[in-house]
1. Just to verify a result, which residue in segment 115-134, among those that are open to solvent by 80 Å² or more (accessible area, probe 1.4 Å) and outside any strand (DSSP E or B), is nearest to ligand 2 (Cβ to nearest atom)?
2. Among helices (runs of 4 or more DSSP H) lying entirely in segment 1-76, which contain 2 or more residues that are open to solvent by 50 Å² or more (accessible area, probe 1.4 Å)?
3. Which residue pairs have Cβ atoms under 9 Å apart, sit 6 or more places apart or on different chains, and have a first residue in segment 142-168 that is closer than 18 Å to Ile8 by Cβ and away from ligand 1 (no atom under 16 Å from the Cβ) and a second that is open to solvent by less than 40 Å² (accessible area, probe 1.4 Å) and acidic (Asp, Glu)?
4. Of all residues in segment 87-114 being touching a residue at least 24 places away in the same chain (Cβ under 8 Å), away from ligand 2 (no atom under 16 Å from the Cβ) and in a strand (DSSP E or B), which is surrounded by the most Cβ atoms within 10 Å (Cβ to Cβ)?
5. Just to check your reading of the model, which residue among Val70, Val45, Val18, Val31 is within 16 Å of ligand 2 (Cβ to nearest atom) and farther than 14 Å from Ile159 by Cα?
6. Out of all the residues in segment 37-48, is one or more in contact with a Phe, Trp or Tyr (Cβ under 7 Å, 6 or more places away or on another chain) and of a type in the set (Val, Ile, Thr)?
7. Can you tell me which condition Thr43 does not meet? The list is (1) in the same structural domain as Leu147 (by TED's automatic domain parsing); (2) in contact (Cβ under 8 Å) with a residue 24 or more places away in the chain, and all the others hold.
8. Give Pro158, Pro137, Pro141 a once-over and let me know the one that is surrounded by fewer than 20 Cβ atoms within 10 Å (Cβ to Cβ) and within 12 Å of ligand 2 (Cβ to nearest atom).
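The values are calculated or read from the model by the stated rules, or taken from the named source; none is laboratory data. This structure is a prediction, so every number in the text was calculated from the model and none was measured. In this analysis, Cβ positions are derived from the backbone assuming ideal geometry, glycine residues included, and neighbour counts consider all displayed protein chains. We work out accessible area using only protein heavy atoms, side chains counted, and drop any ligands, DNA or RNA first. Shrake-Rupley method; radii C 1.70, N 1.55, O 1.52, S 1.80 Å.
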Amino acid sequence: MNDQIYSIDLAFIAAEAVRRAEDYDAFRYFVELDERTDAELDTLVEKIAAPIIAAIDCKQCANCCRSLDVYLTENDAQHLANGTFIPLEQLLTEQIDCDRAAENEEWGVFRQKPCQFLSGKLCGVYEHRPESCRMYPVFTPDFRWTLDEILGGVGLCPIIYHTIEQLQQALGW
Ligand code: SF4
Ligand code: SF4
């Protein structure tokens, strides 16, 4: 049983990410040079992240829903339309921006931030949320080569913050 308490003090985590920006940058190069194979590193990261993911209650946080651009596929949009009974055309007019998404080679992105479907700290369309919401945060595969992107969330996502903290300890950083 994992009884460790992981802080979800978002102000502290945001401040730490700023304070340690250079440290994280150096850590990225350290990981690139680590002798483990990509697969071994992925396995280690997943082993470290699993209990942290299990212990942190995202319903007490919801910072990603407030802070991130949420990209979605056409299938996501159709699934959302079906589940919410909001016509797809209306979603595309009012809530999904395909032009801005195309700039990043994506199909669509929610227009609003925080997400318009967030109610307090709960997702109002949980069963119908986009795949990117279901997946976040993503550590693997290719942890070593996506670490730069992952570290972009270290100051906003407690799961990322604590996983990187513990990984640093595990690698002797
Ligand atoms: S759809 Fe739900 S899970 Fe996704 S960003 Fe909005 S509130 Fe969060
Ligand atoms: S995924 Fe991270 S930022 Fe999003 S709710 Fe969970 S802990 Fe918070």
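1. Lys121
2. 10-19, 21-33, 38-55
3. From segment 142-168, the pairs are Val154/Glu16; Gly155/Glu16; Tyr161/Glu16.
4. Checked segment 87-114; the qualifying residue surrounded by the most Cβ atoms within 10 Å (Cβ to Cβ) is Ile96.
5. So the residue among Val70, Val45, Val18, Val31 that is within 16 Å of ligand 2 (Cβ to nearest atom) and farther than 14 Å from Ile159 by Cα is Val70.
6. Yes, the conditions are met somewhere in segment 37-48.
7. For Thr43, the exception is condition (2).
8. Pro137
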